[in-house]
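Here the structure is laid out as structure tokens; the discussion comes afterwards.
The values are calculated or read from the model by the stated rules, or taken from the named source; none is laboratory data. None of the values given here were measured: they were computed from a predicted structure. Positions of Cβ are generated from backbone atoms using ideal geometry, with glycine treated the same way; all protein chains shown enter the neighbour counts.
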């Protein structure tokens, strides 16, 4: 099995997240629409955000309307979405973190999940699936 590069990072304390814009994603998100609402508010997504997975990849891969050059999305836990929707969401995060244009003008986007929750096993499972399709 080969190593997989990932934008997913686990944290012990929210105090050690670094600088830049910190956008929080609360726990207990149960639907995709609720997830879109939370991300729209946390990241000040533009009105043209189409509220679908492809549109989410597009806006997360751009973020040009945000002033900070570094944006950290901090999850209190993974959304409580059905397994297939959760897989798609994690795929969207991975894709958005590696997309974009000129590296000098691009906003650096990363994702944080708490160490002591279900997030670690779910994200690790997703990473394993990516390396063994």
- line: All conditions in (1) in a loop (DSSP other than H, G, I, E, B); (2) in contact with a strand residue (DSSP E or B) (Cβ under 9 Å, 6 or more places away or on another chain); (3) at pLDDT 85 or above are true of residue 19 except (3)
field: So residue 9, is it touching a strand residue (DSSP E or B) at 6+ places or on another chain (Cβ under 9 Å), in a strand (DSSP E or B) and either surrounded by 16 or more Cβ atoms within 10 Å (Cβ to Cβ) or at pLDDT 70 or above (or both)
entry: yes
message: Just the residues that are in a loop (DSSP other than H, G, I, E, B), in contact (Cβ under 8 Å) with a residue 24 or more places away in the chain and under 16 Å from residue 34 (Cα atoms), please, taken from the range 45-93.
response: 76, 77, 78, 79, 80, 81
field: Positions within the range 41-55 being buried (at least 17 other Cβ atoms within 10 Å of the Cβ) and more than 13 Å from residue 111 (Cβ to Cβ), in sequence order
entry: 45
- prompt: On the given criteria, is residue 38 touching a strand residue (DSSP E or B) at 6+ places or on another chain (Cβ under 6 Å), touching a residue at least 24 places away in the same chain (Cβ under 8 Å), closer than 19 Å to residue 114 by Cβ and surrounded by 13 or more Cβ atoms within 10 Å (Cβ to Cβ)?
  reply: no
